[in-house]
Amino acid sequence: MRAMAGAMAGAAAMASPLRGRVRGAKALALAERARHRASASSSSSSSSSSSSSSASDAAAAATADGAASWERFYCVHSGKDLSSSSSSSSSSSSSAPRAASVRAFKDRHYLRREFADLMPASVLADPSAWVPPLTPSSLPPPETSSEDHKVILELGCGVGNSAFPLMRANLNLFVHACDCSPTAIASLVANPEYDARRCHAFVADLSEGDAPLRGVIGDASVDAVTGVFFFSALDAATFRRVVGECRRALKPGGVVLFRDYSVDDVKNGGRARGTRGKGGKGGTRGGGEGEGDGEGEGEGGDGDAGGLDLTPGENIGGDAWVRPDGTLAVFTDETAVTEAFHSAGFTGECWTVTHEVVNRKLGVTIVRSFLQGRFVK
């Protein structure tokens, strides 16, 4: 599920034979399924609803395949053999795969600023100040009596690019970090900053059932739920079920902190309006200080400063896309997100934030658009 910048060039090059076997296969299959269902409509008057149903079916199929697709993604970016990991991804979490270094994304240090509910006053006073890495052997455990102590559930944690920056900034956090990829969880646990006294990482597929975390996360047991480029990996029906699971897990007054793709983002079928830069070697994949979008795709395109194609993969209808690795990316708007949370009994709102990315190598400036929200139980 999960979880939401382009892959590192070295990892992509190392994994190119594997990517060659999977690139486009699932995306094309899902898109073809959607097109076939739409063309099978027997009446022109029902073609609109049929097309909508086809897109929903394709998004649901991509969501159902999400655990396998994300495991494949993390295997590719860890240099692991896909065939050797296939049994691990379908087995229980007790048989975790060999840990491997995965560096597909940047750490999201900007969450110190954006998720203010989780930060102590000293960090809020200067969110951009450098925070040292965690050193478990020399740090005390979180102080449960501290006013800064909070228990967090992170959905689609990946390899910890959100969890570690948050835990560094607030040493009194405890994070339940879940992801559908065993390889991602193994990499997170193998990180030298991982400390079982302040983090519990586990494998879970949130697309399964109405309360997929009930056996691990108790009712009304967490202060906050974070979803950073996670909900975009879900079709609409699963999105709403997961919102219900958030409500079950949260204490009264607890918050969901949300950041994901906006329907207005340039990657949702848009083309970047580029201006020639001053040159230089390379550029950013997702912006400074980890402001990447958290997804496993490169920006791609033809390098034309006047119109860089940034579409994430194969469009399966509306604002839903399947990337070449089979993972789903759904771009949504403030109204749809707010309605999903309000219908589950939350209060709060979401809003659009923008971030400018300059790629000096290609000579383009790209304005990314994201949704951010805060919803209270």
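The values are calculated or read from the model by the stated rules, or taken from the named source; none is laboratory data. The structure presented is a predicted model; accordingly, all values stated were derived computationally and were not measured. Note that we place each Cβ from the backbone using ideal geometry, even for glycine, and neighbour counts take in every protein chain shown.
Points worth noting:
- Selection status of residue 207, touching a helix residue (DSSP H, G or I) at 6+ places or on another chain (Cβ under 7 Å) and surrounded by 17 or more Cβ atoms within 10 Å (Cβ to Cβ): yes
Yes/no per residue for (1) modelled with pLDDT of 95 or more; (2) of a type in the set (Phe, Trp, Tyr):
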| residue | (1), (2) |
| --- | --- |
| 270 | no, no |
| 286 | no, no |
| 341 | yes, yes |
| 348 | yes, no |
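- Residue within region 307-328 that is hydroxyl-bearing (Ser, Thr, Tyr), modelled with pLDDT under 95 and part of a loop (DSSP other than H, G, I, E, B) present: yes
- The set of residues from region 329-358 being in a strand (DSSP E or B) and closer than 27 Å to residue 70 by Cα comprises 329, 330, 332, 350, 352, 353, 354, 355, 357.
- Residue count for region 145-177, restricted to those that are more than 17 Å from residue 105 (Cα to Cα) and among the acidic types (Asp, Glu): 2
- Qualifying residue in region 99-107 (condition: at pLDDT 85 or above and either crowded, with 18+ Cβ neighbours inside 10 Å or acidic (Asp, Glu) (or both)): yes
- Test: residue in region 180-194 that is closer than 23 Å to residue 219 by Cβ, in contact with a helix residue (DSSP H, G or I) (Cβ under 9 Å, 6 or more places away or on another chain) and buried (at least 24 other Cβ atoms within 10 Å of the Cβ): yes
- The requirement of being in a loop (DSSP other than H, G, I, E, B), aromatic (Phe, Trp, Tyr) and within 21 Å of residue 118 (Cβ to Cβ) is fulfilled nowhere in region 253-264; no residue meets it.
- Just one of the numbered conditions (1) modelled with pLDDT under 50; (2) within 30 Å of residue 147 (Cβ to Cβ) is not true of residue 90: (2).
- A Cβ distance below 7 Å, combined with a sequence gap of six or more or placement on separate chains, defines the contacts here; from region 112-126, residues that are in a helix (DSSP H, G or I) reach no residue that is exposed (fewer than 13 other Cβ atoms within 10 Å of the Cβ) and not hydrophobic (A, V, I, L, M, F, W, C).
- Qualifying residues in region 210-262 (those that are of a type in the set (Ser, Thr, Tyr) and over 14 Å from the mean Cα position of the chain (by Cα)) - the one surrounded by the most Cβ atoms within 10 Å (Cβ to Cβ): 238
- Of the residues making up region 362-373, one or more are more than 24 Å from residue 61 (Cβ to Cβ), part of a loop (DSSP other than H, G, I, E, B) and either out of contact with any His (no Cβ under 9 Å at 6 or more places or on another chain) or at pLDDT 90 or above (or both).
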